[in-house]
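Student: Mind having a look at this structure? Questions to follow.
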Amino acid sequence: MTAQPTDRSDRLFERSTRVIPGGVNSPVRAFRAVGGVPRFVTRGHGAYIEDADGNHYIDYVGSWGPLIAGHAHPEVVRAVELAAARGSSFGAPTEAEAELAELVVEMIPSVEMVRFVSSGTEATMSALRIARGYTGRERVIKFDGCYHGHADAFLVSAGSGALSFGAPDSPGVTTGTARDTLCAPYNDLETVRRLFAEHPGEIACVIVEPYAGNMGLVLPQVGFLQGLREVTRAEGALLIFDEVISGLRVARGGAQEREGVMPDLTTLGKVIGGGLPVGAFGGRAEVMACLSPLGPVYQAGTLSGNPLAMAAGIATLRLLRDGGAYERLEALGARLERGLREVFARRGVRAQHARVGSVLCTFFAEQPVTDLRSAKRSDTERYAAYFHAMLARGVWLAPSQFEVAFVSLAHTESEIDTTLAAADDVLAALEAPA
Ligand code: HOZ
């Protein structure tokens, strides 16, 4: 294997760090959890991305989830071009908003009404505000290691970059805000029941990633999501599923369809925008009716429902709605998971593999991972070595043990098999005695 040139990326990073904190506009991109300098990307096509030095990679980050159809899918590109030619923003309603809303209502089982925003963070903070407005209560229960964007109320025991960089409780979040956010370990129903008992009539909602995808991938144990549904209903609180990652990704109807548990509110992002900035929150019509201008809970946005973003979302959801997309994603995800299990076993490397549909994670951990505490037992240095060796062989994984891998419709068996061959090589080299 010859060393890849990275001079241009190195120079671009140096330039960026002079004017952008850490050289990046979102912390996990900076490679700090794995060391080294991030590669700057110049283009993406299908399952591949190319960096500033002309290196090509099979991409399993997929812009952290949105690119379920792969990079620059011709139908998505065409839809955006057509929309851009008609004007990029009006600050007035358009037909495209109604169309994307209809698609979401059709696809996500519990959503009767939906509102679009520009990011997952906006979606979760707005859902929390509705839950508070609807119930007249202030506290929220979240789970350690779940990440719901960077609004203050959620930066308590948070996952994703906050976890990767060891700051799950961010400075800048006031004590008052943090006091209203109660935390429980993921998969721990007993703690949730105890919190309700300790704060009677005070808890507006429980928010959960039904498949936790920001501390690596941690799946719900049998009965956990059903239990949350029962306890919230009994206590008069709302249940919010944060499906920013899982919505339209793990099934047409997201995690709620796979698990058969219906939340009161759902937050969406990533896939719904097909690579453009879109978030959404929706749910029962009676709850959504609290929202201004129907009701008193205020929420607004100049670029909400932006025509370009709506066009990319509609094109992507049409690809997903019609014809076998989820079966294909399931088959590709299963092939990758099966192959990784074989390769790791053959090379004698203990790891925990998790997968749901086209979302995967390999923890360099000895014991099963069921919550944040067990996820944190992973050997992050070993992950970093694996990450860099895979990158050098042309496989682009997330630069943190606590993120996940995404397979897209643009991947084929050939990319999966090339990835498995690379993993086999890498593990053989990493495990060989020095
Ligand atoms: N929130 C994303 C990881 N779960 C990172 C987004 C980004 O860095 O682009």
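Student: On a 0 to 90° scale, report how tilted helix 380-392 is relative to the longest principal axis of the chain, with both axes built from alpha carbons and the result rounded to the nearest 10.
Tutor: With both axes taken from Cα atoms, the answer is about 60 degrees.
Student: Give me the distance in nm between label points sitting 7 Å out from Cα along the Cα-to-Cβ direction at residue 169 and residue 95, one decimal.
Tutor: The answer from the label model is 5.3 nm.
Student: So what's the net charge close to residue 366: Lys and Arg +1, Asp and Glu -1, counting the other residues with Cβ under 10 Å from its Cβ?
Tutor: Spelling it out: positives minus negatives among the neighbours equals +1.
Student: Using only alpha carbon pairs under 8 Å that are at least six residues apart, calculate the relative contact order of the chain and give it in whole percent.
Tutor: 22
Student: Scale the Cα Rg of segment 173-262 by the rule-of-thumb value 2.2 N^0.38 Å and send over the ratio, two decimals.
Tutor: Against the empirical 2.2 N^0.38 Å value, I get 1.11 for segment 173-262.
Student: Right, next: Give me the tail of P(r) for segment 69-216 as a percent: Cα-Cα pairs with distance above 20 Å.
Tutor: When all Cα pairs of segment 69-216 are counted, 60 percent exceed 20 Å.
Student: Right, something else. What is the sum of charges, Lys and Arg at +1 and Asp and Glu at -1, for the other residues whose Cβ falls under 14 Å from the Cβ of residue 29?
Tutor: Residues near residue 29 contribute -1 overall.
Student: Next up: If you add up the charges near residue 400, with Lys and Arg at +1 and Asp and Glu at -1, over every other residue whose beta carbon is less than 12 angstrom from its beta carbon, what do you get?
Tutor: +1
Student: Using a Gaussian network model of the chain with C-alpha springs under 10 Å, which one of 150, 353, 199 is most mobile by mean-square fluctuation?
Tutor: Looking only at 150, 353, 199, the largest GNM fluctuation is found for 199.
Student: I'd like the distance separating the alpha-carbon centroids of segment 77-125 and segment 397-434, in whole Å.
Tutor: Going from one Cα centre to the other spans 34 Å.
Student: Per q in 0.11, 0.14 1/Å, what log10 I(q)/I(0) does a Debye calculation on the alpha-carbon atoms of segment 288-434 return?
Tutor: -0.58, -0.79
Student: Which three extents, in angstrom, do the Cα atoms of the chain have along their principal axes, listed largest first?
Tutor: Extents along the principal axes, in whole Å: 62, 53, 46.
Student: Separate question: What order, most packed first, do the peptides 4-13, 245-254 have when packing is the mean number of other Cβ atoms within 10 Å of each residue?
Tutor: Put in order of decreasing packing, that is 245-254, 4-13.
Student: Compactness ratio of segment 1-135: Cα Rg over 2.2 N^0.38 Å, N = residue count?
Tutor: Cα Rg divided by the expected 2.2 N^0.38 Å: 1.38.
Student: I've got another one for you. Under 15 Å from a point placed 7 Å out from the Cα of residue 199 along the Cα-to-Cβ direction: which residues of segment 109-140 have their backbone N that close?
Tutor: 128-129, 131-133, 135-140
Student: Taking only the C-alpha atoms, wrap a convex hull around segment 373-422 and report its volume per residue in Å³ as a whole number.
Tutor: 88
Student: Take the alpha-carbon positions of segment 90-171, form their convex hull, and give its projected area averaged over all directions (one quarter of the hull surface) in nm².
Tutor: Quarter of the Cα hull surface area: 7.5 nm².
Student: Looking at segment 257-339, which chymotrypsin sites (Phe, Trp or Tyr not before Pro) are DSSP coil and have at most 12 other C-beta atoms within 10 Å of their C-beta?
Tutor: Those that pass, being in a loop and sparsely packed, are 298.
Student: To continue, here is another question. So what is the accessible area of the chain per residue, in Å², with the probe set to 1.4 Å?
Tutor: 42
Student: Pairs of alpha-carbon atoms within less than 8 angstrom and 6+ residues apart define the contacts here; what relative contact order does segment 1-138 have, in percent?
Tutor: 13
Student: Name the most mobile residue of 42, 362, 191, meaning the one with the largest mean-square fluctuation, in a Gaussian network model of the chain with Cα contacts below 10 Å.
Tutor: Of 42, 362, 191, the Gaussian network model singles out 42 as fluctuating most.
Student: Where does the chain land at 222 nm, in deg cm²/dmol rounded to the nearest 500, when only DSSP H runs of n ≥ 4 count, each adding -39500 (n - 2.57), divided by all residues?
Tutor: -12000 deg cm²/dmol
The values are calculated or read from the model by the stated rules, or taken from the named source; none is laboratory data. This one's a predicted model, so the numbers in the text were calculated from it and none came from an experiment. Reconstructed Cβ throughout: ideal geometry from the backbone, glycine too, with neighbour counts over all protein chains shown. Note: accessible area is taken over every heavy atom of the protein model, side chains too, but ligands, DNA and RNA are not part of it. Shrake-Rupley method; radii C 1.70, N 1.55, O 1.52, S 1.80 Å.
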